[in-house]
Every structure is written in structure tokens, then in C-alpha cells.
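S.K.: Let me give you the structure first, and then I'll get to my questions.
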Amino acid sequence: MAIENAHLTTLQGAYDVELMEVTLRVRRYAGEGSRPETRSYTVEVATTATLLDALDVVKDKLDGTLAYRKSCRMAVCGSCGMRMDGGAVLACKTAMKPFVDAGHVVTVSPMGNLPVIKDLVVDMAPFWQKVHAVKPFLDTGGVDDPETEWRVTPRQSALIAKESLCIMCGCCVSECNSMDSDPDFLGPAALAKAYRFVGDVRDGDARERLKELSGAHGIWDCTRCYFCNQRCPKGVDPRDAIAKLGGEAFREGIARDEGAKHAKVFVQSTYKGGYLRETELVPKTIGPIAAIQQLPFAFQLARAGKVPNPLAPHKAKDNAEVKRLWKLLEAQAPKHRERATRAPEGA
Amino acid sequence: MIRHDVVVVGAGCAGMRAAIEAKRRGVDVAVVSKLHPTRSHSGAAEGGINAALGNATEDSPESHTFDTVKGSDYLGDQDAIEIMCHEAPGDIYELEHMGAIFSRSDDGRLAQRPFGAAGAPRTVYSADITGNVLIHVLFEQLVKHEVKVYEEFHCTQIVVDDGRCAGVLAWDLVRGGIHAIEASQVILATGGVGRMYYGTTNAYACTGDGMSLAWRAGVPLKDMEFMQFHPTTLKSNGVLITEGCRGEGGYLRNSLGERFMAIDAPNAMELASRDVVSRAEWKEIADGRGVDGCVLLDLTHLGPKKIKTRLPGSRELALDYAGVDPIHEPIPVRPGAHYHMGGVDVDIWGETIIPGLWAAGEAACVSVHGANRLGGNSLMETITFGRRAGQAAGDRVRSNGDSGARIEASVVADERRRIAALLGAEGGERPAVLREEMAKTMYDKAGVFRTESALTEARAAVHALRDRARNLQLEDRGSLFNSDLVQALELEAMLECADCLVTGALARQESRGAHSRLDYTERDDDRWMKHTLCWHDGGEVRLDYKPVTVTKYQPLARSY
Ligand SMILES: Cc1cc2nc3c(=O)[nH]c(=O)nc-3n(C[C@H](O)[C@H](O)[C@H](O)COP(=O)(O)OP(=O)(O)OC[C@H]3O[C@@H](n4cnc5c(N)ncnc54)[C@H](O)[C@@H]3O)c2cc1C
Ligand code: SF4
Ligand code: SF4
Ligand code: FES
């Protein structure tokens, strides 16, 4: 058999790859006390190369001081989040060929909303602090004897299917609008993690969790910019998880936060007339007295043409249609979670 | 000096499970890991984890034991296998209670899928992200139990004081500097060493550090010659394309379009066991019927609907990393190093010959996998034997207290000098150059097939590389996040593991499980039903052997 000799040498074609030339502009930063600068590198990489592969060739061949994180190179470990052309990506999930074909030179920089340690490496400690703050473990309420499994139907389990995909890469946090202005905002990753427990039918602590999450820097501080959904490489859709947390909080009657009240006015106002009455929004959110204090600001806005005429009727033409839409929405809303059952004895 | 009762090195499934169990015993536990725990390679596992729950059809721990013994080609220790298979169901229920999000059957119980060489559907899973689910649930428990984690600390040495384990030295990757971390009990859970091969499914971090650390400390490494190859990995970066593709009806074809599995496995065809398929592929390519060093995994006949609904993950990987849409074109695949059966020699509680030094997970060799691991058994091993090591180490602290072993200041000073010398060295070679030569040598000459002449060449090449590696040149000489330094340390570890692997393989004149010799094609139980031990002897590998533990199952031919 030919194999007997053939295997002693390299298998034909084993190491042949089609190459292309790629140029990267990389934001370099040597640590505290140094000034960030952008450097250009041109390397030959396989046509199948990802951004991570390209960085590896730069590090191996041109500049061993370049720092970035990596491990799995298959988009599961969450190490390699960084910005490409200003938006967060996983380096190992971003193919370079389309950019090379388009003649576009990409710029690579560290993720946003997190302190930079060196080059493309950010300090993830603030990220993890927030994850730790949402009590990130199942609380079964003392039921812990593992004689058998909890009974959880596929439908119940599907409630948190998306959240279970999260790899804690931080791409969402990097682009979060709200975190940009309030660094204490829990943020999309921690909140998606929180919903993973609130939505888990085995968890006995949902109400307490929701109370906590409804406080300052919690679910109601999200600006609904949807950047997190857009940037998440795993389809977790953290903004949707935040919306689900809001819904659960309402159902539990936890709505004292201004953000919650604000959302409530939206709902009531559109339910009544199919339109949002902005003039009701502020007093009902923050209360009449605080609202009066906001009047000068309102007049400023009005002068700038940012406030609709408060006297014009705010009603949709076909209000019955509005009501029908509401019925539809209610019918489609997820049913309230029911706690999972323990298996009957001997089952 | 930092001090804890128990220090766990590594935070994959094995390390975290060990840490949690030790902590439950009320002792002071810390984890040292070169990666943040959730970045560990356990998270990449897709398929599932084996336990005879009997949820899908009738099943029993005995049946699981028999399948595992047979799968191991009778090199697994049967006492260890019995332990794993009997304790697995309890361990799975416990994971589920911790919060693992497993897939369910309609009645709400844990679903179980069939896996290769198993007598019943026994694999508990979570869609195609089982590893991700496990790594996150264990991390949650680590947080819950308030276990201290030294994150991005690269362990560089295990310190032995008067025959007892005294703790570890570790390099702080983020800020730089060597730290001494004392502990009466140290558990190694540093994972596998796939990166010594050019084609591998393993992450960049799988560089065999723990095995090399234990070896240098005087613990033998066991059965290092057994590396399992997975038959369907991508050429570009080694990423694994699941067996599910063949399970759903995918074909393997050569350059002539033939389904070549008809030659070696006319009945099982593409669904024959991993080693059989890997060898058949290698032969096709070597005989000139490959396509650029690969064979073709053809799914096109399955149609877009089936591919999109049943195999979306594989399609995404092929698109991302091979630039191929399997709906229209076959995926080029080849065998890649996947799972290392060998590792640190330990007893059934995970303890090494050095009191206070333990190992678990892929870094260890208990041995439950023998010459060939069954899919789904390695995650189970990380959990069961990780738990057992944590339990035993924690109990040891409770009964014996502080072992009294200490890390001398001079040991720390010597290590600081060693690292400083490496950082300051001039005129040597770049680690990346040596790494590539090593990986190609291993893939070509100590891979799917082996012969005396090829292994002799491989061994000489590895020795030459170990010599050259004494003279490395780093470009990054700083202390801030110096991954150049870490890669140099990892290269040294891989070369030592490679030396053990080729030395053990050269000596083993038989074919068993993943070790396939063209010059000794049969299993030879009279001479070789024994474990290989590699000892550290002045930097060289010295071979020794020890018997396999047999309880009930006498060796039979391994045919499926
Ligand atoms: C793609 C793929 C799919 C797989 N699928 C399955 C499957 O479906 N079922 C199954 O049973 N098995 C599967 N396996 C095998 C299984 O995943 C592994 O064997 C197992 O996860 C290993 O776990 P571990 O805890 O031993 O090591 P790892 O998870 O690799 O963890 C190693 C840890 O050690 C740390 N470490 C390493 N070196 C050092 C050092 N020098 N200092 C400090 N820390 C260090 C790392 O940071 C990491 O935390 C798969 C493997 C691969 C590659
Ligand atoms: S939608 Fe909310 S959580 Fe998501 S990025 Fe925007 S502000 Fe942040
Ligand atoms: S939600 Fe998505 S982007 Fe955010 S951490 Fe998780 S996986 Fe990453
Ligand atoms: S390297 Fe793991 S996600 Fe990119």
C-alpha cells in the first residue's frame, strides 16, 4: 500500500494555502503614561483568514509586542472582542476577504466603555463586576438534593434559549449608549444574564431579582438604542432580554422607578388614543411638582420646535383598529412563568 | 507570600468542579488560571456528556462501563471506569440543580442523544453548545461559593518541598511579575495539548502546561502516545465539524468523487468510529486521491432545508472559516488532533505520587479512556474526577491541616532570574518559528499513522527543537500583558509533551486505539496491555510501564 512510504513525507497539499495581502491599521497603546498611536501593518494571509489570523501573522512575523486576547478561534470563548472600524466584533469571526476584495483598509482598536490596558486588551473587571452584581447563579430556594432532575418542558426551557448563548465577550457593552453616559448602568450583558435566571422556571427568587433590577442603573436606564442587539455576535439580543425583564417586573407589580412609570405612560397613552401624549409623559413619570420645575426646559424645547402642540387632539382616526392591535399584542405576550415542578417521588 | 489551603491550577470544567467541591468542605480555595474561567476550552465542546440516566431507553452504569472499556481498546483501568460510570448520573443531576440549561424531552426530563459506540442514547446535551452551558454554570457556582480566582496568572512551576507539594509559582500576565502561591494541596486541571499538532481542534491555550509542570516536578506522565484524531476538521484553522453532519447523511468523497469509506467500513460507511474514518481519509490523501491535503465532506444532496434546520452551526463554521457554503459545495476536511488520552499519572482520587499534588480532566490520565476516548466521556471525566479530586484534597486539609511544606525564597528568586533571562535573551529564534516546525513534524510523522522510521525522525526533530528552544528571542520585553513571553513558555511545555509522545509511541510496538503503527498492525495484549510511564530524567524522557487494572472485562477484539 502506497501509504507505507507516503505517510513519511508531508501529505500532498497539506500546507498549501491561497494567499492574499491585507493591510491593518492597529491602534497601539503601550500602557499608562504612553500616547496611543495607530500603526499600519501589511501581511500575507490565507484567503480564509479572519481578523484574528491576520493579527497572529502580524505578531509572529512583524511585531511580537502586539497584545490582544485569544483562545478558541471559533467564536465560543469570548476572548477576542475588539473594534473594527469603530464597532465591536469578535476578531475570530470576522473574515478579511470581503475587505481585501473591496480595497478597504480596516482600523482595529480596543472595545469601548472599558479601560484599555495595552493595545487591544481591555480591563474586563468592570464588566465582570456588573455580572456579579446580578446574583448570577440559580437560587432554587433550598431544594438542592440531586436525586433526579427538575421537570422543565422544552417550552419552558425555550424562554431562556437565547440568553444561554451568551459568551460574555463584551461586544454589546462596548457599544452601549447608556453605559457611555452612565458607567454604573448594569448594561446589556449583565442584564441578559439576569434574565437567564428570572426566566428560568427553576429559580425561586425572580421577584427579589426584579426589584433589584428595577432600581437605579437597572433595566429602566436602557435608552433602547438597540446597538447591543446589532453588535452581539451570538444572537443573544440583550435588549430583548431587558424588555422581557421590564414585562416581568410589571407583572410582579414592581413599577415605582421613573423608567417604569415612563414606560407605563407610553402604554396607557397609546392605548387610549393610539398616540403618545407627550404632555402627559413628564408629569406622570416624575410627578406634578417636579414636572412644574421642568416647565422652563419645556418652553425652551417648544421654542426650538421640539414639542407638539399640547392642545391639538391626540387621537388616531380609527381607534377601534388600535384596540384590535392591542388585543393581538396581549394574546401574543408570553404567559407568566410558572415555577418548575420537582419530580414526584420514584418517578 | 500568598497562601491558601487548596490551589486549583486551571479553570475549565475539571478545575472549577474541583474548586467548588473543595470549597464546600469549608477550606480556603483559590483558582489560578491563565485564562478567565469562561474562556477555557471546555466551553467549545458541542456534542454532550455521557451518563446512564436511562431517560431515552433503558440503560445502566454497567452498560456504560462495558462500552467504555471496549472503546478504550482495553487500556482503560476498569476500576476507574466503573467509578465514573456509576457516579455520572448523580453528577449530572447535581449540574442540573446548579442550573445547567440542558435540552429536555417533552415530559420535562433531560433529553439523551445517541453517540458513537454507545449501547444506548446516553449523551446529555444542550443543543450544540453543551460546553458553553457547562462552563457558565460552573463559573456561576464559583461566584456563588466566593472562590478566589487569580485570573490571567500563568503557572510556571510546581514547587516540591521535601517530597511534598508546597504550592505553585505563577506569572501575572496583566501586570507582570512572578508570584509564589503556597498551598498544602494543588490540583492541576490545565487541559490538553492539541496545539503540538498542526491540524487540531484545540484552542490556542491547549499547550500541555500542567503535564510539563508535573513532569518536571517528578511525576510520570502516562500513555502520552495516545492522541485521538477527529476525522472532520477544517484545513484553515482546525475547527471541528460535528459528526452530526455524517449522522444526518453526509458523505465523505475523494477527489474522484468516490465514497471511499466503502473500502474500510462497507457497513458503517461514514459513521464508522473516529479512528477508522481518520485512517481511511489519511490513506486516500496519501495515495493521491485527496484535494489539497483534504477529503470532501459532501452535504449538498441533503438539500438547503435540512442543512439550514439541522446543521446551521456547521454551515456557519464552513462559511466563516472555509469560505464554503455546504448547500452548494462540499467542505474540505481532514483529520485533526482532538483529544489527548494521556496525561499526569494519578490514582482514582486524582492524586499523583507527590503527596498533595493532584490532577484532573484532560491534563490527567486516571485512566478512563485508555487508548481511545468515546465521545461524551471526557466532559463526564472532568466533572466526576474533578469533583473527586476537590473532595479528596479538601478532606485532606480537614484531616491533616497545613502540610508544613513551604516555598523557599530562593526558589522564587531562581524563577525570577529564569524569566528575566528569557525576557532579556538576544540573538535566538522566534518561538513562532519553532512552534510551526514542531506542529508540522508531529502532524506528518506522529499523527494518524506511525512507523518506526517516521517516529525516529520525529523524535530527532523534537530533540533538535528542544535544544533550539533553549535560545529563544522575545520581542516583547515588558511586563504589561506580555503574550510573547507566555507563548515561549507554552512552546517549552508542548515540546516536552511532544518528546514524551514520540518516545512512548516509538517504543509501543503494536496498534491499539488511536496509536496505529503500520509496522505493527495488531493489538498485542501479551506484550503491550500495559500503561506507558514517561519519567523526567535529567531533562530526558525515561520509559517505564505499569499494569492495567482489570476487574470484570477480559480483552476482546474491538470491532463494531
Ligand atoms: C472542539 C471540541 C469539542 C469537544 N466536544 C466534546 C464533547 O462533546 N463531549 C465531551 O465529552 N468532550 C468533548 N471534547 C473534549 C472536552 O471538551 C475536553 O477534554 C475537556 O473540556 C477538557 O476540560 P479541562 O477542564 O480538563 O480543560 P480545559 O477546559 O482546557 O481548561 C484548562 C484550564 O487550564 C488553564 N491553564 C492551562 N495552562 C495553565 C497554566 N500554565 N497556568 C494556569 N492555568 C492554566 C486554562 O486557563 C483553562 O482554564 C471536545 C473538545 C474539543 C476541542
Ligand atoms: S439598547 Fe439599552 S442596553 Fe442595549 S446598547 Fe442600547 S442602551 Fe445599552
Ligand atoms: S450578549 Fe452577546 S455581545 Fe453581549 S456579552 Fe453576551 S454574547 Fe457578547
Ligand atoms: S478567540 Fe474565542 S471568541 Fe474569538
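S.K.: At a threshold of 8 angstrom on Cα-Cα distance, excluding pairs fewer than six apart, so keeping six or more, what relative contact order does the stretch B:205-288 reach in percent?
M.R.: Answer for the stretch B:205-288 is 24 percent.
S.K.: If you stretched the chain out fully between B:Arg164 and B:Ala507, how much longer would it get, using 0.36 nm times the residue separation minus the C-alpha to C-alpha distance?
M.R.: Numbers: separation 343, 0.36 × 343 = 123.48 nm, distance 3.15 nm.
Once the chain is fully extended between B:Arg164 and B:Ala507, it gains 120.3 nm.
S.K.: Distance between the C-alpha centers of the stretch A:261-293 and the stretch B:1-75? Whole Å please.
M.R.: What the calculation gives is 54 Å, centre to centre.
S.K.: Then there's this: Tilt of helix B:61-71 relative to the longest C-alpha principal axis of chain B, in degrees (0 to 90, nearest 10)?
M.R.: Taking the Cα atoms of chain B, the angle to B:61-71 is about 80 degrees.
S.K.: For the pair B:Gln473 and B:Asp525, what calculated FRET efficiency results from E = 1/(1 + (r/R0)^6), where r is the Cβ-Cβ distance and R0 = 41 Å, to the nearest 0.05?
M.R.: The calculated FRET efficiency here is 0.25.
S.K.: Restrict the search to the stretch B:415-473; then list the GluC sites (Glu not before Pro) that DSSP places in a loop and that have at most 16 other Cβ atoms within 10 Å of their Cβ.
M.R.: Within the stretch B:415-473, the qualifying GluC sites (Glu not before Pro) (loop, at most 16 other Cβ atoms within 10 Å) are B:Glu426.
S.K.: Quick one: Kirkwood hydrodynamic radius for the protein assembly as shown, alpha-carbon pairs, angstrom, one decimal?
M.R.: Computed over the protein assembly as shown, the radius equals 29.0 Å.
S.K.: For chain B, take the longest principal axis of its alpha carbons; what is the angle in degrees between that and the long axis of helix B:312-322, to the nearest 10 within 0 to 90?
M.R.: Long axis of B:312-322 versus the principal axis of chain B: about 70 degrees.
S.K.: Something else: Obtain the radius of gyration and the Kirkwood radius of the stretch B:366-407 from its C-alpha atoms and give Rg over Rh.
M.R.: Expressed as Rg/Rh, it is 1.20.
S.K.: Give me the net charge for the shell around A:Gly274: Cβ to Cβ below 13 angstrom, other residues only, Lys and Arg +1, Asp and Glu -1.
M.R.: After counting each charged neighbour, the total is +4.
S.K.: Now for a different question. Please give the length that would be gained between A:Arg224 and A:Ser34 if that part of the chain were fully extended, namely 0.36 nm times their separation in residues minus their C-alpha to C-alpha distance (nm, one decimal).
M.R.: This chain segment gains 64.8 nm when fully extended.
S.K.: Take every Cα pair under 8 Å in the stretch B:415-517 that's 6+ residues apart, average their separations, divide by the length, and report that relative contact order as a whole percent.
M.R.: For the stretch B:415-517, the relative contact order is 38 percent.
S.K.: Considering every pair of different Cα atoms, what Kirkwood radius, in Å, is found for chain A?
M.R.: 24.1
S.K.: How far is the Cα center of the stretch B:496-529 from the Cα center of the stretch B:77-95, in Å?
M.R.: The stretch B:496-529 and the stretch B:77-95 have Cα centres separated by 28 Å.
S.K.: Tally Lys and Arg at +1 and Asp and Glu at -1 over the other residues with C-beta under 11 Å from the C-beta of B:Asp161: what net charge comes out? Walk me through the numbers on the way to the answer.
M.R.: Values: positive: B:Arg164, B:Arg406; negative: B:Asp162, B:Glu182, B:Glu408.
Net of charged neighbours comes to -1.
S.K.: Take every Cα pair under 8 Å in chain B that's 6+ residues apart, average their separations, divide by the length, and report that relative contact order as a whole percent.
M.R.: 22
S.K.: If you don't mind, another one. Please rank B:Trp528, A:Trp326, B:Trp171, B:Trp358, fewest neighbouring Cβ atoms within 10 Å first, as an exposure proxy.
M.R.: In increasing order of surrounding Cβ atoms, one gets A:Trp326, B:Trp528, B:Trp171, B:Trp358.
S.K.: If you don't mind, another one. Please figure out what share of the DSSP beta bridges in the protein assembly as shown is antiparallel and state it in percent, rounded to the nearest 5.
M.R.: Counting only bridges with both partners in the protein assembly as shown, antiparallel ones make up about 70 percent.
S.K.: I need the trypsin sites (Lys or Arg not before Pro) found in the stretch A:212-276, filtered to DSSP loop residues with at most 13 other beta carbons within 10 Å of theirs.
M.R.: Hits after loop and neighbour filter: A:Arg224, A:Arg256.
S.K.: About its Cα centre, what dipole magnitude does the stretch B:354-509 give when the only charges are +1 on Lys and Arg Cβ and -1 on Asp and Glu Cβ, stated in debye to the nearest 20?
M.R.: 460
S.K.: Moving on. Looking at the stretch B:254-355 from every direction and averaging, what is the projected area of its Cα convex hull in nm²?
M.R.: It is 10.1 nm².
S.K.: Give the lysines whose C-alpha is closer than 30 Å to that of B:Lys546, dropping any in the same chain fewer than 8 places away, or say none.
M.R.: Filter leaves B:Lys70, B:Lys222, B:Lys445, B:Lys530.
S.K.: Of all DSSP beta bridges in chain B, what percent run antiparallel (nearest 5)?
M.R.: Bridges in chain B are about 65 percent antiparallel.
S.K.: Taking the C-alpha atoms of the stretch B:312-360, how large are the radius of gyration and the largest Cα-Cα span, Dmax, in Å?
M.R.: For the stretch B:312-360, the Cα-based Rg and Dmax read 20.2, 58 Å.
S.K.: Per residue and in Å³, how big is the convex hull formed by the alpha-carbon atoms of the stretch B:489-560?
M.R.: Numbers: hull volume 9.5 nm³, N = 72.
Convex hull volume per residue, Cα atoms: 133 Å³.
S.K.: How charged is the neighbourhood of B:Val411? Take every other residue with its Cβ under 12 Å from the Cβ of B:Val411, and add Lys/Arg as +1 and Asp/Glu as -1.
M.R.: Taking every other residue near B:Val411 into account, the sum is -1.
S.K.: Taking 2.2 N^0.38 Å as the expected size of a compact globular protein, what ratio does the Cα radius of gyration of chain B give against it, to two decimals?
M.R.: The value comes to 0.92.
S.K.: Which GluC sites (Glu not before Pro) does the stretch B:133-194 hold that lie in a coil by DSSP with at most 14 other beta carbons within 10 Å?
M.R.: Listed in order of number, the matching sites are B:Glu146.
S.K.: Oh, and also: Rank these for me by crowding, B:Val276, A:Val58, going from fewest to most other beta carbons within 10 Å.
M.R.: Placing the least packed residue first, the sequence is B:Val276, A:Val58.
S.K.: Would you work out the Kirkwood radius for the stretch A:183-307? I mean one over the mean of 1/r across all pairs of different Cα atoms, in Å.
M.R.: Value: 16.0 Å, from the Cα pair sum.
S.K.: Round to the nearest 10 and give me the degree value, 0 to 90, for the angle of helix B:409-424's Cα axis relative to the longest principal axis of chain B.
M.R.: Here the helix axis deviates by roughly 60 degrees.
S.K.: Can I ask one more? Beyond 32 Å between alpha-carbons counts as too far, so tell me which of A:Lys234/B:Lys34; A:Lys93/A:Lys327; A:Lys193/B:Lys148; A:Lys70/B:Lys148; A:Lys261/A:Lys317; A:Lys93/A:Lys130 fall in that bin.
M.R.: A:Lys93/A:Lys327
S.K.: Give the order of B:Arg25, B:Arg334, B:Arg274 when sorted by the count of other beta carbons within 10 angstrom, beginning with the fewest. Intermediate values should be presented prior to the final figure.
M.R.: Numbers: B:Arg25 18, B:Arg334 29, B:Arg274 23.
With the fewest neighbours first, B:Arg25, B:Arg334, B:Arg274 line up as B:Arg25, B:Arg274, B:Arg334.
S.K.: Report, in cubic angstrom per residue, the convex hull volume of the C-alpha atoms of the stretch A:70-172.
M.R.: Looking at the stretch A:70-172, the number lands at 160 Å³ per residue.
S.K.: For the stretch B:433-545, what percent of Cα pairs sit more than 21 Å apart?
M.R.: Across the stretch B:433-545, Cα pairs with separations above 21 Å total 43 percent.
Since every read-out is calculated from the coordinates, none of them should be taken as a lab result. For clarity, every value in this text was computed on a predicted model and none was experimentally measured. Counting neighbours? That spans all protein chains shown, and the Cβs are built from the backbone with ideal geometry, glycine included.
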